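Asks: Structure in structure tokens, see below.
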Amino acid sequence: MTGLLDARSVFRSDRLSAARNLAPSETAAWRAVARVLRSPLDALACALLPADCRLCGTSLLRLSRVPVCDSCRETPLQSQNLCPRCGEALAYEGESETFCDPCRLVPPPFTQAVAWNLYQGRARELVHLLKYDGLLALAHTLGRQVAQATQLLDNLPQEFTVTSVPLFAGKERSRGFNQAALLSAGAIRPLRKLFPGHQIHLSERMLSRVRATESQAGLSPAERRRNLRGAFFVPKPQAVRERHILLVDDIYTTGATARACSEALLKAGALSVRVVTLSRAQHEMTAQWEEWQEAAAVY
Ligand SMILES: [Zn+2]
Ligand SMILES: [Zn+2]
């Protein structure tokens, strides 16, 4: 947009200095010409110039398909001490070698789960813009963040296949898209750049959601696991067999979805499953998240 703005101001200042050098009668004539010229030009410029940032309202400084400013795109990373297996915030400092309670009590079937940011504030608003406002162009920005989060995984295999958590078919039809699939598609190019020595495949629809699971709101982690058990299956096990899988989703809450999908993939013959999400809800936020989830009937 800087270029366009420059072009506009240059055009204006040229016009003004030209007008200043003209005799009064010529000035009037020039003004008339300029009026005619200006209106379509300004209309075009206004149509092309971006509006304000959808999240903070500041004027955007350049043309972009995504009406979100750079500072709102930069969401804070998690700074707490995290469970090395699932990314849950640990209660005490100095606990970095120990797992969180859920991982200790019921070890997850996935090798590791990581997330780019904490699901709150701007990070949460960005997910909402994609998911509920259908701002699909945002999938590139957020997909890049998913790719960056993948760098947090230990021992990523040399060859792996990226896939996403499916929505129930009816849900996907009514929403018109699956945000997790948009994120994995948006992540694939940055992933190949970040991991140049790796062979990275993208395989959508590796998993299917068998039934519309009840809203997860208000359920304990154990109830969520029961609720989701058998909710996912692999329609073509041969596409999964002997592969290392990188499973992409938008938000990791209690891990019930990640666990259920990983179980289905491993049962179908996957060698390993690693989970990467854009955002991570932490334990203390879960009650608040569930309230919101109930309202939005996410799944
Ligand atoms: Zn902003
Ligand atoms: Zn854990």
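Coordinate-derived values only; no laboratory data. Everything quoted here is computed from the prediction, not taken from an experiment. Please note: Cβ atoms are built from the backbone with ideal geometry, for glycine as well, and neighbour counts cover all protein chains shown.
Asks: Among F110, F177, rank each residue by its count of other Cβ atoms within 10 Å, from fewest to most, as a rough exposure measure.
Replies: Fewest-to-most ranking of F110, F177: F177, F110.
Asks: Looking at segment 74-298 from every direction and averaging, what is the projected area of its Cα convex hull in nm²?
Replies: 11.4 nm²
Asks: Related question: Using 0.36 nm per residue of separation minus the Cα-Cα distance, give me the extension gain between R65 and D101 in nm, one decimal.
Replies: Fully extending the segment from R65 to D101 adds 8.7 nm.
Asks: Follow-up. Can you compute the modelled spin-label distance between Q151 and S208, with each label point 7 Å from Cα toward Cβ, in nm?
Replies: Using points 7 Å along Cα→Cβ, the separation is 3.8 nm.
Asks: Output the peptides 68-75, 158-165 sorted from most to least packed, where packing is the average of other Cβ atoms within 10 Å over each peptide's residues.
Replies: 158-165, 68-75
Asks: So if each residue of separation counts as 0.36 nm, and I subtract the Cα-Cα distance between S174 and R189, what length gain in nm does that give?
Replies: Extending this stretch completely gives an extra 2.6 nm.
Asks: Moving to a separate point now. At R0 = 35 Å, how high is the FRET efficiency between A239 and N81 if r is their beta carbon distance? Nearest 0.05 is fine.
Replies: Taking R0 as 35 Å, the efficiency between A239 and N81 is 0.40.
Asks: Another question, if that's okay. Multiplying the sequence separation of A91 and H128 by 0.36 nm and subtracting their Cα-Cα distance, what value in nm do you get?
Replies: 10.5 nm
Asks: Evaluate the charge dipole of segment 102-229 about its Cα centre and quote only its size in Debye, nearest 20, assuming +1 on the Cβ of each Lys and Arg and -1 on the Cβ of each Asp and Glu.
Replies: Computed about the Cα centre, the dipole is about 220 debye.
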